[in-house]
1. Can you tell which of 45, 50, 39 is in contact with a helix residue (DSSP H, G or I) (Cβ under 7 Å, 6 or more places away or on another chain), modelled with pLDDT under 90 and surrounded by fewer than 12 Cβ atoms within 10 Å (Cβ to Cβ)?
2. Return the residues of the range 2-25 that are over 11 Å from the mean Cα position of the chain (by Cα) and assigned to a helix (DSSP H, G or I); say none if nothing qualifies.
């Protein structure tokens with residue numbers, strides 16, 4: 001069984017990785033928008049539609065459920 005400190009460390013590591021990935025994606029969008037003279041919203045809307053947001057949300061729910069099952073006591 002995982003103790004409380006280990007669970008916190010694992011959660012912090014996963015959160016940091018997701019945050020770093022989101023920051024990297026935002027930085028790429030910012031660089032492209034400056035290069036093309038477009039606003040960030042205009043550039044992002046060219047590639048992302050509502051179905052992508054639904055897919056992202058479902059993936060995040062799936063990851064949260066998987067982590068919860070891993071940490072569930074036997």
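The values are calculated or read from the model by the stated rules, or taken from the named source; none is laboratory data. Keep in mind that what you see is a predicted model, and the values were worked out from it rather than measured. Methodologically, a virtual Cβ is constructed for each residue, glycine included, from the backbone with ideal geometry; neighbour enumeration extends over all protein chains shown.
1. Unique residue meeting the criteria: 39.
2. Matches in the range 2-25: 4, 5, 6, 7, 8, 9, 10, 11, 12, 13.
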